[in-house]
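The block underneath contains the structure these notes are about, expressed in C-alpha cells.
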Amino acid sequence: MKSCAVFIATTGGAVQVLQITPERAPQSMVCQNRTTNVLPVSPLYDQFVKPGSGIVEREFGPFDNASFRVDVSGPIDTGNSWQLGMFLAHALGAAPDHRLIEDIAAADEILWATGCVDYHLNVTEVDHVAAKIRASAQQFQDWAGMGKTVTLITAAGANEDDSRAALAGNPVQIFGAENAWQAGEILGLAGVIKSRPEGAAAASPGKSGSVRNVALAALAVVLIGGASLAALAPEKFARWSQRLMELTGAPVAQEQAAAPTPAKTPATIPKPAAPAPKPTPPPAIVVKPPPPVAPPVPVAKPSPPPPRIPEVPKISVAISRLAPPAGGTCMQVHFGGADPVLKPVAEIGAGGHRESDRASTCGLSFELGGTGKYLAVHLRVISGRFVQASQKPASLSGSQPVTGVQTWTIQLPQKAKEPFSYELAVLSSDQPLAAQLKRLRGLENFKGAFKELAQNQINLVVHSHRVSAQ
Amino acid sequence: MNSYTITDDKQIDTAREIFSDLNAMNDVLVEAANTGIEAALAPAELYAFALGTAGPNGAKVEAALRASAPIRAAFQDLLARVSEYHVPRAMAAASDDIAVRDGVDCKISIQPSQAAPDQVYVIVELTRASSRLPKVMHLMGAGNVYHRAELPEFHDGIAQLIVESTSEIITLIQHPDTEVYLK
C-alpha cells in the first residue's frame, strides 16, 4: 500500500488535502481543518464531483453516497487550479493499493499539484505557478529535510517550464501532464481512471510537448459543436480548422450529415453553415391564425383589397443523434479520436420522437429553422442531465435576426441513472422573441401559450424526445 | 425632473418586491402605533434586518427581538407578510428530535456529517421556484427565542449549511414550536 500526501498549490502556500469523506448531504463541500468553515470554492467542487457536469463520479463512481466532504489544511479562495490535486486525491481513494494520508512523516510520496482539469480530462494551464512555488519554498525545504520523495505535477507547457525554472537544483520530480490520465499514471493511478484519452502517452520527467493533444482536444470540441460555430463565422471556422489540422497532423473527416447515402469523405474540414437540404419534418404542433374574415363589400365603390393578415411563420426542427462511427465509442468521439456520425431521430407524430439508446448517443444536434425573422429555442429537461459543450448560439435567443438553419449541439454523459428526457420549444416570429422566451421558461407546460402566441403571429412548436438511461 | 433607466425585467421585479415589502412594513408600523407598541429601534433597522442586510446594527436588533415581546410580534408579523417560504410549527407525534421540517414549498432537514460526528448539515430545499431566492433563515422559537442564519447560495433549489450539532439553530429546528421564515 502506497501512501501519498496531496498538496494543492496556492499563492498563500501549499494546502494539504487532509481527508475526503463520502456524505449523505446533497452537495459536496470543501471545509477547512474539519471545522464548519466552508470554503468559497465549495460550489465549484460540487460541480466538479457530481455526474453530468463533473468528472469525479464519472471517472471513479458510481458512489453510494450523494456527495463528498473534503477537509483541507488552509484556505482556497478562488480559481480552479485545485482541480488537478483534488482529482488525484480522489484517484488515490479509488485505488486499492494506494491511500491518501494526512501524516506527512508516514507518507511514501508527497504530491504538489496545480492545474485545471476539463470535462475531457485535459490538464490546462493556470496562472501564478512560479509564485505558488515561492510560497511553498519552506514546505519543499522541510520535505527535503525529511527525505521525502516530492512530485510536482502541473500542466505541460509554460507551467512545466516555470516550475523547472523555479525549482532548478531542488530534488523535486517535475512532471508536465497533458491530461489527467497521464497525471494519474505518474502516481501509478491510471488504472482507476475510467477514461483513457485516445493515444494517451505517459508523461516523463523530461520536457513534455502539449501542443498536439491540446489541439486534438480543441478539434474534438470543434467537431462536436462545430456546426453552430461555423454558422456564426464560417471563414474563421475554416481557418481555425485548417490550423488545427496542421497542428495535429491528423486527417479531419467530414461529419456525416443525415443523408440517405452516407458516403464518407475523408480528410476534409467539416463544412461550415449551409447545412445540406434535408427533408423537413412537419412541425409538431402548429397554431394557425383564425381564418380571415372577409370585409364587407361596399355596393357603389370598388371593393378595397382585403386586410392582409400576417402569416404565422413556419418552423422546421430536425433532431439528430451524434453517434460514434462504426467500431468507435463515444469516449473516442469526446476525446477527438473519432468523428461523430449524425443520425436523424425519427419523429413518431405530434412532436414525439423515437427513444434513443444511450450507448450509441454521444450527444444531440438540433437544426432549427423558421420563416420568421427571429428564432428562439428553450430546452426543458424533464429528467437526466446534459452537457452544454458549446454555448447555445446567440441566434437562438430570439433577440437578433437570423437567416437559414441554426444548429445547436449538446453532449450527453455516458452513464446515467435516469433517462435524458426533454422538450424542445421553438418560437419563430417577425418580432424579437426574447421576452416570450423568458416567459416560456417560466411555464410549467406550454399548452396555454399556443393560442396567445398565435394571436401575436408567433409560432410555437414543441418536440419531445428521450434518451434511455444506461 | 429625474430620469431613470430600467435595463431589464429583473430590476422591475426587484423594485416591485422592495415596494411591496415596504408597504408591508408600513402596515406593521401603523398597527404597532395603534396598539401602543414603542420600538427602541428605527423602523429601517428592523426592515433591513428582516431582509437580510443586518449591517452594523444587527446585534442591537437581535437583542431587541429577544428582550421585547412587542418588537418580536411586530417583526414576526413583518416576516409573515414578506417571506416567500414559511415552515409552521410542527405537529410532533413523538418526543424524538425532529430531523425534517416541512413547509409550504420548502423543506428543512438535518443530516449528520460522516466526516465530523459533532457536525451536521442543514439542508434547505425549495420545491417551488421563485424570482428571488431566500438569503436568510429566521427561526422564531417558543419563549422569545430568536435565531438568524445567513443562507449560502442556492444551487438546484438547495442551500446547504454545516454547523455544530449543539448549535442553537439545530436546537430550534428540532423543536416543534419553532416557526421558520425564509426571506
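The values are calculated or read from the model by the stated rules, or taken from the named source; none is laboratory data. Because the structure is a prediction, the values reported are computed rather than measured. Because the Cβ atoms are built from the backbone with ideal geometry, glycine has one as well, and the counts that use them run over all protein chains shown.
Below, the figures for the structure above:
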item: Which listed residue is hydroxyl-bearing (S, T, Y), more than 24 Å from A:A5 (Cβ to Cβ) and assigned by TED's automatic domain parsing to the domain that holds A:I153, from A:S73, A:S42, A:S81, A:S53; result: A:S53
item: Subset of region A:1-19 (residues that are surrounded by 23 or more Cβ atoms within 10 Å (Cβ to Cβ) and within 14 Å of chain B (Cβ to nearest Cβ)); result: A:V17
item: Single condition A:F63 does not satisfy, out of (1) more than 30 Å from A:T149 (Cα to Cα); (2) within 12 Å of chain B (Cβ to nearest Cβ); result: (2)
item: Count of region B:64-82 residues which are of a type in the set (G, A, S) and surrounded by 22 or more Cβ atoms within 10 Å (Cβ to Cβ); result: 1
item: Checking A:S53 against (1) of a type outside the set (A, V, I, L, M, F, W, C); (2) away from chain B (no Cβ under 14 Å); (3) within 30 Å of A:C362 (Cα to Cα), the condition it does not meet; result: (2)
item: Region A:20-56: number of residues that are of a type in the set (S, T, Y) and crowded, with 19+ Cβ neighbours inside 10 Å; result: 3
item: Options B:V136, B:V120: the member that is within 30 Å of B:S68 (Cβ to Cβ), outside the structural domain of B:I71 (by TED's automatic domain parsing) and in contact (Cβ under 8 Å) with a residue 24 or more places away in the chain; result: B:V136
item: Single residue of region A:389-403 satisfying the filter (in contact with a Gly (Cβ under 9 Å, 6 or more places away or on another chain) and closer than 21 Å to A:R321 by Cα) that is modelled with the highest pLDDT; result: A:Q391
item: Residue under evaluation A:R441, criteria (1) surrounded by 14 or more Cβ atoms within 10 Å (Cβ to Cβ); (2) charged (D, E, K, R); (3) modelled with pLDDT under 85, criterion not met; result: (1)
item: Tally of residues being surrounded by 16 or more Cβ atoms within 10 Å (Cβ to Cβ), modelled with pLDDT under 95 and at the interface with chain A (Cβ under 9 Å from one of its Cβ atoms) across region B:117-139; result: 0
item: Matching residues in region A:83-97 - criterion: being over 19 Å from the mean Cα position of the chain (by Cα) and either buried (at least 23 other Cβ atoms within 10 Å of the Cβ) or of a type in the set (S, T, N, Q) (or both); result: A:G85, A:M86, A:L88, A:A89, A:H90, A:A91, A:L92
item: Search result, residues across region B:132-163 that are under 9 Å from the mean Cα position of the chain (by Cα), basic (K, R) and assigned to a loop (DSSP other than H, G, I, E, B); result: B:K135
item: Where a residue in region A:437-463 is closer than 18 Å to A:V381 by Cα and its partner, wherever it lies, is of a type outside the set (A, V, I, L, M, F, W, C) and modelled with pLDDT under 80, with Cβ under 6 Å and at least six apart; result: A:V461/A:P283
item: Sole residue being in contact with a His (Cβ under 6 Å, 6 or more places away or on another chain) and within 14 Å of another protein chain (Cβ to nearest Cβ), chosen from B:E168, B:E150; result: B:E168
item: When residues of region A:405-435 are limited to those that are touching a Gly at 6+ places or on another chain (Cβ under 7 Å), outside any strand (DSSP E or B) and aliphatic (A, V, I, L, M), the one farthest from A:E347 (Cα to Cα); result: A:A434
item: Search result, residues across region A:29-50 that are away from chain B (no Cβ under 11 Å) and hydroxyl-bearing (S, T, Y); result: A:Y45
item: Per-region count, region A:1-42, residues among the small types (G, A, S), assigned to a strand (DSSP E or B) and within 17 Å of A:H90 (Cα to Cα); result: 3
item: From A:V377, A:V426, residue being buried (at least 22 other Cβ atoms within 10 Å of the Cβ), more than 14 Å from chain B (Cβ to nearest Cβ) and over 30 Å from A:G328 (Cβ atoms); result: A:V426
